[in-house]
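The next block holds one structure in the form of structure tokens; read it before the comments.
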Amino acid sequence: MPRVVVEVMPKPEILDPQGVAVRGALGRLGFEVADVRQGKRFEIELGGEVDGAALDRVREMASMLLANPVIEDFAVRAEESA
Amino acid sequence: MRLGVVTFPGSLDDVDALRAVRFAGGEAVPLWHGDTDLGGVDAVILPGGFSYGDYLRCGAISRFAPIMTTVVDRARTGMPVLGICNGFQVLCEAHLLPGALIRNDQRKFVCRDQRLRVESSSTAWTSSYTVGQEIVVPLKNGEGGFVADQRTLDELEGEDRVVARYVGDNPNGSYRDIAGIASAAGNVVGLMPHPEHAIDPLTGPGTDGLAFFTSVLAHLVAAA
């Protein structure tokens with residue numbers, strides 16, 4: 001069944017303390033990286049066809065609840081589930 | 001005057017907020033998140049804690065609790081609302097206040113007696129303070145960093161809506177040291193530190209927080 005994936009990321013201009021902590025830990029493990037940002041991924045099973053209207057409905061969910069547009073950006077896409 | 005305090009699943013400081021209302025001389029009314037009726041209260045306090053376990057984002061789920069529909073409607077028509085800590089997060093998520101609260105920049109939970117400077121006495125909750133007055137109240141948060149875009153911050157400062165600022169070390173990375181803000185009308189106030197824990201020398205660092213509660217009672221009496 002197809003599902004809809006919503007990825008939520010802190011906006012680039014907003015400090016991401018969790019990403020900073022992960023980057024520090026990677027450095028201590030010997031992995032040198034320039035930056036890490038930590039976000040969230042939601043997998044939503046709609047139980048029906050994923051058409052344009054369904055994606056619009058998920059965008060509404062994302063802007064109302066899943067993301068806070070003041071501090072976060074989100075992306076919505078359909079995906080075949082395993 | 002009747003002041004309601006909403007208990008959400010995971011609220012911690014509702015009992016102290018009710019006690020602060022009684023200390024200030026008000027009638028304290030417990031409210032439940034699942035109700036829609038405000039029980040005839042004249043003002044509402046959203047207390048600190050970890051409502052809904054802080055799942056998703058702090059305040060993001062509480063914002064849609066049944067009682068919040070009524071609180072938001074009444075706040076838009078002038079009812080005083082004070083959000084403390086988690087309550088401040090709920091008010092931002094509900095768009096009654098601008099901006100958002102994110103994880104502390106230094107990544108530690110902070111719990112200490114915090115010095116603040118009261119920056120505005122023109123809100124329903126701070127009229128008993130004088131501008132520039134320094135007070136000490138407990139601060140305890142992991143996600144207390146107040147953020148907003150530059151235009152919003154300029155607007156808040158230009159409209160006398162910064163209610164309090166941190167004095168000394170900024171404990172959580174809040175932009176412009178902001179500890180609390182008010183709505184444009186001044187009836188809705190959000191504050192990260194906890195005035196309800198500073199109303200009685202027996203249980204707190206002093207009584208500096210009591211004037212938030214006496215302010216709103218005076219405001220309500222004057223409006224009656």
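The values are calculated or read from the model by the stated rules, or taken from the named source; none is laboratory data. Predicted, not measured: the structure shown is a model, and the values here were computed from it. Backbone-built Cβ (ideal geometry, glycine too); neighbour counts: all protein chains shown.
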Those residues of segment A:36-68 which are at pLDDT 95 or above and part of a loop (DSSP other than H, G, I, E, B) amount to A:Val36, A:Arg37, A:Gln38, A:Gly39, A:Ala67, A:Asn68
Over segment A:1-18, the set of residues within 14 Å of another protein chain (Cβ to nearest Cβ) and either modelled with pLDDT of 95 or more or not in a helix (DSSP H, G or I) (or both) is A:Val6, A:Val8, A:Met9, A:Pro10, A:Lys11, A:Pro12, A:Glu13, A:Ile14, A:Leu15, A:Asp16
A:Gly27 meets each of (1) in contact (Cβ under 8 Å) with a residue 12 or more places away in the chain; (2) surrounded by 11 or more Cβ atoms within 10 Å (Cβ to Cβ); (3) among the small types (Gly, Ala, Ser); (4) more than 26 Å from B:Leu153 (Cα to Cα) with one exception, condition (1)
Quick count over segment A:69-82, residues being farther than 20 Å from B:Ser62 by Cβ and in a strand (DSSP E or B), is 8
The condition from (1) more than 14 Å from every other protein chain (Cβ to nearest Cβ); (2) surrounded by fewer than 17 Cβ atoms within 10 Å (Cβ to Cβ); (3) touching a strand residue (DSSP E or B) at 6+ places or on another chain (Cβ under 9 Å) that B:Thr77 misses is numbered (3)
Scanning segment B:195-216 for residues that are among the aliphatic types (A, V, I, L, M), crowded, with 21+ Cβ neighbours inside 10 Å and not in a helix (DSSP H, G or I) gives B:Ala198, B:Ile199
Listed by first then second residue, the pairs whose first member lies in segment B:152-168 and is surrounded by fewer than 19 Cβ atoms within 10 Å (Cβ to Cβ), whose partner is basic (Lys, Arg), with beta carbons under 9 Å and at least 6 positions apart or on separate chains, are B:Glu155/B:Arg161; B:Glu157/B:Arg176; B:Arg165/B:Arg117; B:Arg165/B:Arg176; B:Val167/B:Arg115; B:Val167/B:Arg117; B:Gly168/B:Arg115
message = I'd like to know if segment B:50-60 contains one or more residues that are in a strand (DSSP E or B) and surrounded by fewer than 18 Cβ atoms within 10 Å (Cβ to Cβ).
response = no
Meets criteria (under 22 Å from B:Ala218 (Cα atoms), of a type outside the set (Ser, Thr, Tyr), assigned to a strand (DSSP E or B) and modelled with pLDDT of 95 or more) for B:Val44: yes
Subset of segment B:117-151, residues assigned to a loop (DSSP other than H, G, I, E, B), over 22 Å from B:Gln89 (Cβ atoms) and touching a Gly at 6+ places or on another chain (Cβ under 7 Å), comes to B:Ser122
Scanning segment B:4-41 residue by residue, those within 16 Å of the chain's Cα centre (by Cα) and assigned to a loop (DSSP other than H, G, I, E, B) turn out to be B:Phe8, B:Leu12, B:Asp13
Going through segment B:19-49 in order, the residues found to be acidic (Asp, Glu) and under 22 Å from B:Asp200 (Cα atoms) are B:Glu27
Might you check whether a residue that is under 13 Å from the mean Cα position of the chain (by Cα) and within 14 Å of chain A (Cβ to nearest Cβ) occurs anywhere in segment B:180-197?
yes
When (1) among the aliphatic types (A, V, I, L, M); (2) part of a loop (DSSP other than H, G, I, E, B); (3) closer than 22 Å to B:Asp13 by Cα are applied to B:Ala164, the one that fails is (2)
Just one listed residue, out of B:Gly173, B:Gly180, is surrounded by 23 or more Cβ atoms within 10 Å (Cβ to Cβ) and either assigned to a strand (DSSP E or B) or in contact (Cβ under 8 Å) with a residue 60 or more places away in the chain (or both), and it is B:Gly180
